[in-house]
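Take a look at the structure below.
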Amino acid sequence: MKTERILDFRSDTVTRPTPGMRAAMASAEVGDDVLGDDPTVQRLEERVAELLHKEAALFVPSGTMSNLIAVRLHCRPGDEMICEADSHIYNYEQGGYAQICGVAARPVQGYWGLMQPEQLEGLIRPQNVHFVRTRLLTLENTHNRGGGRVQPFSLVETLVGWARRNHLALHLDGARLWNASVATGIPLHEWAQLFDTVNVCFSKGLGAPVGSALAGPKDLIAEARRHRKVLGGGMRQVGVLAAAALYALEHHIDRLAEDHANARRLAAGLMEIPFLTLMPIPVETNILLFDVAPEWGTAAQLSQLLKDHGVLMLPTAPQRIRAVTHLDVNSQDVDEALGILRHVICEHRPCQNSS
Ligand SMILES: *Cc1c(COP(=O)(O)O)cnc(C)c1O
């Protein structure tokens with residue numbers, strides 16, 4: 001049962017640049033981007049703006065910086081941002097909105113990442129010296145902790161309509177907007193046009209080694225360029241990285257459908273394995289979540305045993321495991337991982353050993 005190769009389902013960030021991508025990086029034309037001299041970065045920023053139908057875009061080192069800059073653009077200290085309680089911006093970015101921007105967060109618990117319009121009613125703070133000023137609504141699509149869920153388009157329209165009526169700014173954390181677009185067939189720009197600013201990541205399913213972009217109106221993106229500099233994100237001959245992102249935009253968007261098919265394949269196999277339960281949400285994109293029954297053992301025990309057999313999956317809660325499909329795992333890898341998972345589950349019962 002032992003494999004030589006590691007089958008890595010921890011995240012879609014683990015992909016390595018393909019030979020074609022490395023070749024594009026090696027031959028990239030570069031210049032000092034802080035001085036505005038890098039033609040490859042400029043091409044990337046133009047391409048992203050074009051795909052999202054935004055006036056401008058800015059290449060940034062990470063999605064975390066992109067979201068942070070967005071909060072800084074839309075809010076001042078003492079403002080409040082409404083976000084989903086399981087969102088990346090609220091849970092996995094060190095509270096940068098508070099640490100660096102002086103902004104308060106108002107988390108709303110959605111159902112697997114989806115907030116319902118009625119949950120937002122009454123959340124706008126009255127204008128009164130006691131209160132923070134409600135200023136921004138952020139949404140995440142696809143929703144990472146929500147198991148890669150796509151926010152239904154009509155739901156997004158409704159939430160955005162509410163925010164507009166209340167004069168809030170709107171930011172989309174679209175780290176995996178590519179996946180939402182491929183899964184639904186709804187073009188990137190139709191999602192993006194609903195928001196003032198949009199973050200997209202090249203380093204997730206698209207398979208680039210580094211980088212995200214923040215897209216929006218020209219004046220805001222000019223301001224974003226200032227914020228990126230003070231945050232230490234001004235980069236010099238960074239066309240080598242922009243070339244990887246450009247390559248990914250050209251070659252790696254449509255193929256996300258394969259990742260989605262592999263995730264469904266993994267889900268179908270998982271359902272046949274005892275002690276494992278898929279979460280009660282459709283596997284729409286490349287992320288799936290499953291629980292291991294306490295009678296068998298814990299998620300940490302299962303992930304350690306899988307690791308011993310060459311399969312990496314991440315525990316995200318005491319009984320929960322996340323598996324993500326991507327460019328570096330194919331359908332045979334999925335079948336192999338399922339075989340190992342079944343073997344590990346059926347041959348080991350940690351909770352019996354310990355009792
Ligand atoms: C990964 C991720 C980010 C942040 O990206 P980094 O480049 O890792 O900082 C933001 N939002 C979501 C939904 C993500 O999955």
Rounded to the nearest 10 degrees, what's the angle between the helix 153-165 long axis and the longest principal axis of the chain, both from Cα atoms, 0 to 90? 30 degrees
Computed, not fitted: 222 nm per-residue ellipticity of the chain from DSSP H runs ≥ 4 (each -39500 (n - 2.57)), nearest 500, equal to -11500 deg cm²/dmol
Grab the beta carbon distance between residue 14 and residue 222, set R0 = 25 Å, and tell me the FRET efficiency rounded to 0.05. 0.10
Going by the alpha-carbon gyration tensor, a ≥ b ≥ c the square roots of its eigenvalues, is the range 1-96 rounded (a/c under 1.5) or, if a/c is not under 1.5, prolate (a/b greater than b/c) versus oblate? oblate
Mind jotting down the distance between the C-alpha centroids of the range 308-324 and the range 142-198, whole Å? 28 Å
Cα gyration tensor shape for the chain, rounded if a/c is under 1.5, else prolate or oblate: oblate
Which of 263, 222, 49 moves the most in a Gaussian network model of the chain with Cα springs under 10 Å? 222
If you fit an axis through the alpha-carbon atoms of helix 218-230 and take the longest principal axis of the Cα set of the chain, what angle between them do you get, 0 to 90°, nearest 10? 70 degrees
Mark the label point 7 Å from the Cα of residue 128 along Cα→Cβ and return the residues of the range 160-201 whose backbone N is within less than 17 Å of it. none
Mind giving me the nanometre distance, one decimal, between the label points for residue 116 and residue 312, set 7 Å out from Cα along Cα→Cβ? 3.9 nm
Residue-ordered couplings for the range 105-119, obtained by feeding phi - 60° into the Karplus form 6.51 cos²θ - 1.76 cosθ + 1.60 and rounding to whole Hz (Gly and Pro as x), are 10, 10, x, 10, 6, x, 9, 6, x, 9, 7, 9, x, 5, 6
GNM, the chain, Cα, under 10 Å: largest mean-square fluctuation among 173, 12, 219? 219
Counting other Cβ atoms within 10 Å of each Cβ, which trypsin sites (Lys or Arg not before Pro) in the range 230-309 have at most 15 and sit in a DSSP loop? 236, 255
Relative to the chain, whose Cα atoms define the longest principal axis, helix 331-347 and its Cα axis are tilted in degrees, nearest 10, by 50 degrees
Please check the chain for the longest run free of GluC sites (Glu not before Pro) that are loop-located per DSSP (anything but H, G, I, E, B) and have at most 15 other Cβ atoms within 10 Å. 122-271
Please build a GNM for the chain, connecting alpha carbons under 10 Å apart, and tell me which residue among 179, 330, 67 fluctuates the most. 330
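Bear in mind these aren't lab numbers, they're just calculated from the coordinates by the rules spelled out. Everything quoted here is computed from the prediction, not taken from an experiment. Virtual Cβ from ideal backbone geometry, glycine too; neighbours counted across all protein chains shown.
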